[in-house]
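Here the structure comes first, spelled out in structure tokens, and everything after it is commentary.
The values are calculated or read from the model by the stated rules, or taken from the named source; none is laboratory data. Fair warning: this is a prediction, and the values are worked out from it, not measured in the lab. Note: ideal-geometry Cβ built from the backbone for every residue, glycine included; neighbour counts use all protein chains shown.
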Amino acid sequence: MTHRRSPRWALTLILGIGMLFAGTVPATAADASPEHQQFRITASDGVELQATLTSQGPIAARPTVVEFSPYGRDSGTLAVGPAYNTLLVQIRGTGDSNGSFDALGPRTQKDVQEVLQWACAQSWSGGKLALNGFSASAITIYNSLHLALPCVKAMVLRSGTFELYRDLLMPGGISNLGPAAGVMLLIGAPALAQSPSRISDPASGLAILLGLLTTGLEGGFAHPTLDTWWQQRGFRGDANHLPTLVIDGFFDVESRGAFQGYQQLRSSGAHLMVVGGHDGAPVGTDDGVGEANLWLDHFVQGAANGVETHPRVQMLLSRGDREDYLAGDFRRLPARDWPVPHTTWTELSLSGRSLVKKRPAVATSQHYVSVPSLPSETDPATMALLGASGLNALTTIVPILTDMTLADATGLTFTTAPLTADVSSAGPLSLNVTLSTTVPGTGIWGVISDVSPDGVAHPLTAGRLNTDFPGVVASRSLHDSRGRIVQPYGDFHATSPAKPLAPRSYSVEFWPVGNVFEKGHRIRLTIVGASAASRSTAPAINSIKVGGAHGARLLVPALPGSNLAGALAR
């Protein structure tokens with residue numbers, strides 16, 4: 001494996017353009033002469049929603065794939081064959097639809113149920129519906145599953161949050177300001193642009209845009225805790241038990257949601273593909289489109305194509321670097337579940353500037369200045385989103401933007417010895433750390449990197465936690481076979497600000513990593529100031545405990561057949 005920046009950035013750019021939340025998943029070929037039919041659907045509260053029915057040929061009775069999108073016209077994200085119709089519904093307060101945007105909340109969820117009831121009764125659906133969603137359109141469905149959804153036979157949900165608060169907008173209790181602002185802009189722009197052609201209320205565009213801005217401010221500032229407002233915008237149960245194909249990538253900006261969604265829906269036959277999302281897909285892959293079409297053909301059309309016998313979990317693991325991964329350097333891995341059965345978590349202690357197997361007996365303190373860090377280095381998920389939308393072209397020329405050179409110089413780094421064997425790692429990580437800070441609240445921010453033999457650290461995933469939220473809900477956390485919490489489920493219902501300079505224990509959740517750490521490579525943890533793409537706290541001096549009974553430790557997953565402890569000399 002090499003760690004040069006791939007010259008294929010132009011192809012990556014093509015794959016990424018249009019996938020920035022509203023993006024279109026690479027699609028199968030479509031008929032050159034589709035037919036369209038426009039509908040104005042009146043919801044139970046009188047609001048009119050715009051919907052477009054598309055058929056590859058004359059409109060006739062066919063199973064219909066429905067998508068609820070906030071991104072305006074022509075924003076469907078899965079091309080299907082001529083055996084299906086597609087129905088794109090522009091959700092209220094967006095695009096050509098009237099009403100007020102409610103951040104995918106209860107009123108939009110009710111619209112989903114009512115529109116599906118209407119579509120089920122139309123002659124062109126034949127009483128068979130399927131649901132497709134990408135990003136916001138997938139979130140809309142996750143949020144609506146507690147309602148009975150009539151006539152739906154199967155779902156394909158890609159790159160959506162399971163809990164909007166902790167999966168995208170407030171991960172770790174830290175406002176994810178950059179992606180949140182991007183979402184609101186991408187929803188608001190088509191709503192305003194399409195307002196002159198809005199059928200029943202052409203002057204509503206400005207009012208809708210103001211509603212979107214109000215929602216953005218409300219979600220980003222008025223609700224810092226996981227209160228009722230947020231709980232209504234997350235998964236609240238499943239009244240449908242539908243076969244669901246969940247698709248995302250390890251580098252996606254919403255990746256946590258896919259893993260959590262799969263685990264909740266697997267009892268109903270869900271499968272998980274970790275192949276790509278907003279971040280794009282590797283060269284030589286189809287981004288999961290083929291599997292999605294097989295899924296619909298089997299569960300909606302009854303085709304005997306064997307998709308239900310495919311491995312329940314299919315993953316593409318990187319081999320040390322995200323850019324190389326996109327260029328086609330990856331390892332395919334099938335599994336029968338997630339987390340992969342018999343995964344082991346190795347406890348590595350922080351010692352000096354090292355990650356070691358044996359905890360140092362002597363306790364010491366290490367200090368760092370917490371100031372906003374460069375997102376292209378310390379925020380791999382946001383960087384993957386931007387990279388797939390064009391920024392990879394710049395980082396190919398200036399690779400220092402996406403390795404850890406600058407962040408490692410400003411934060412604390414802890415690195416293993418070179419590995420004596422390859423270690424395949426897939427799963428969440430957890431950092432247990434005792435920390436004090438000079439301010440009432442700060443963000444704990446950590447980055448896991450693969451350090452290649454040339455000494456360059458390539459960021460893979462991040463963990464973050466607002467020190468206002470020290471609590472963990474043990475009953476909802478993931479434990480390993482030894483009973484240790486390896487994926488802490490933070491308690492964000494109420495704040496508990498830290499006292500300045502007072503040490504306190506924290507458990508920091510890292511979103512799942514999916515990487516092969518090759519022989520001769522090293523694993524690095526960097527603790528640094530929060531990404532500048534998040535809403536930063538005041539600058540602070542933070543101190544962590546290293547060694548002794550309360551010394552910081554990192555739990556790292558290794559897949560069956562890999563032995564992280566055995567691959568480390570110390």
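Restricted to the stretch 335-350, and to residues there that are of a type outside the set (Lys, Arg) and in a loop (DSSP other than H, G, I, E, B), the residue that is farthest from the chain's Cα centre (by Cα) is His342.
Looking only at the stretch 500-522, filter to residues that are touching a helix residue (DSSP H, G or I) at 6+ places or on another chain (Cβ under 8 Å) and of a type outside the set (D, E, K, R); which one of those is surrounded by the most Cβ atoms within 10 Å (Cβ to Cβ)?
The first filter runs over the stretch 500-522 and keeps only residues touching a helix residue (DSSP H, G or I) at 6+ places or on another chain (Cβ under 8 Å), leaving 508-509, 511-512.
Still in the running and of a type outside the set (D, E, K, R): 508, 511-512.
On the way: Val508: 23, Trp511: 27, Pro512: 24.
Among those residues, the one meeting the criterion is Trp511.
Is one or more of the residues making up the stretch 35-48 of a type in the set (A, V, I, L, M, F, W, C) and either in a strand (DSSP E or B) or without any contact (Cβ under 8 Å) to a residue 40 or more places away in the chain (or both)? It would help to see each step written out before you state the result.
Step one: list which residues in the stretch 35-48 are of a type in the set (A, V, I, L, M, F, W, C), which gives 39, 41, 43, 47.
If we keep only those that are either in a strand (DSSP E or B) or without any contact (Cβ under 8 Å) to a residue 40 or more places away in the chain (or both) too, we end up with 39, 41.
Yes, some residue in the stretch 35-48 is of a type in the set (A, V, I, L, M, F, W, C) and either in a strand (DSSP E or B) or without any contact (Cβ under 8 Å) to a residue 40 or more places away in the chain (or both).
Among the residues of the stretch 433-441, some residue qualifies, meaning at least one is more than 20 Å from Ala538 (Cα to Cα) and buried (at least 20 other Cβ atoms within 10 Å of the Cβ). Could we say that Glu323 is at pLDDT 95 or above and among the acidic types (Asp, Glu) here? Considered against the rule, which asks whether it is at pLDDT 95 or above and among the acidic types (Asp, Glu), Glu323 comes out as no. A single entry from Ser255, Ser267 fulfils the requirement of being among the polar types (S, T, N, Q) and within 23 Å of Ser376 (Cβ to Cβ): Ser255.
Evaluate the stretch 234-243: report whether one residue or more is under 17 Å from the mean Cα position of the chain (by Cα), crowded, with 16+ Cβ neighbours inside 10 Å, on the phi < 0 side of the Ramachandran plot and modelled with pLDDT of 60 or more. Talk me through it step by step, then tell me what you get.
Of the stretch 234-243, the ones under 17 Å from the mean Cα position of the chain (by Cα) are 234-235.
Adding the requirement that they be crowded, with 16+ Cβ neighbours inside 10 Å leaves 234-235.
Those still in the list that are on the phi < 0 side of the Ramachandran plot too: 234-235.
With the extra rule that they be modelled with pLDDT of 60 or more, the set shrinks to 234-235.
Yes, the conditions are met somewhere in the stretch 234-243.
Residue-by-condition table, conditions (1) hydroxyl-bearing (Ser, Thr, Tyr); (2) closer than 20 Å to Ala292 by Cβ:
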position	(1), (2)
Thr94	yes, no
Leu104	no, no
Lys128	no, yes
Phe134	no, yes
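Any residue in the stretch 145-161 that's touching a residue at least 12 places away in the same chain (Cβ under 8 Å) and in the same structural domain as Pro179 (by TED's automatic domain parsing): show its pairings with residues that are buried (at least 24 other Cβ atoms within 10 Å of the Cβ) and among the acidic types (Asp, Glu) at Cβ separation under 8 Å, as long as the two are six or more apart or on different chains. Short answer, once both residue conditions are applied: Arg158/Asp248; Ser159/Asp248; Ser159/Asp252; Ser159/Glu254; Gly160/Glu254; Thr161/Asp167; Thr161/Glu254. The requirement of being outside any strand (DSSP E or B), without any contact (Cβ under 8 Å) to a residue 60 or more places away in the chain, assigned by TED's automatic domain parsing to the domain that holds Leu374 and under 27 Å from Leu316 (Cβ atoms) is fulfilled somewhere in the stretch 489-496, by at least one residue. Filtered by the rule that a residue be crowded, with 19+ Cβ neighbours inside 10 Å and assigned to a loop (DSSP other than H, G, I, E, B), the stretch 416-432 gives Thr416, Leu419. Taking the stretch 550-563, which residues are among the aliphatic types (A, V, I, L, M) and surrounded by fewer than 24 Cβ atoms within 10 Å (Cβ to Cβ)? Matches in the stretch 550-563: Leu555, Ala558, Leu559. One residue stands out among those in the stretch 75-128 that are among the aliphatic types (A, V, I, L, M) and over 20 Å from Ser144 (Cβ atoms): the one that is surrounded by the fewest Cβ atoms within 10 Å (Cβ to Cβ), which is Ala83.
Can you name every residue in the stretch 279-311 that is farther than 26 Å from Ser125 by Cβ, in contact with a helix residue (DSSP H, G or I) (Cβ under 7 Å, 6 or more places away or on another chain) and not β-branched (Val, Ile, Thr)? Give the steps one after another, and end with the answer.
Kept after step one, since they are farther than 26 Å from Ser125 by Cβ, are these residues of the stretch 279-311: 279-287, 306, 309-311.
So of that shortlist, the ones also in contact with a helix residue (DSSP H, G or I) (Cβ under 7 Å, 6 or more places away or on another chain) come out as 279-283.
Scanning the stretch 279-311 gives Asp279, Gly280, Ala281, Pro282.
Do we have any residue at all in the stretch 526-549 that's modelled with pLDDT of 95 or more, in the same structural domain as Thr420 (by TED's automatic domain parsing), exposed (fewer than 14 other Cβ atoms within 10 Å of the Cβ) and in a loop (DSSP other than H, G, I, E, B)? The answer is no; no qualifying residue exists.
Checked against (1) in contact with a strand residue (DSSP E or B) (Cβ under 6 Å, 6 or more places away or on another chain); (2) in a loop (DSSP other than H, G, I, E, B), Gly463 passes all but a single condition, namely (2).
For beta carbons closer than 9 Å, sequence separation of 6+ or different chains, a first residue in the stretch 283-295 that is modelled with pLDDT of 95 or more and buried (at least 16 other Cβ atoms within 10 Å of the Cβ) and a second that is part of a helix (DSSP H, G or I) and of a type outside the set (Asp, Glu), the qualifying pairs are Glu291/Val307; Leu294/Val307; Trp295/Val307.
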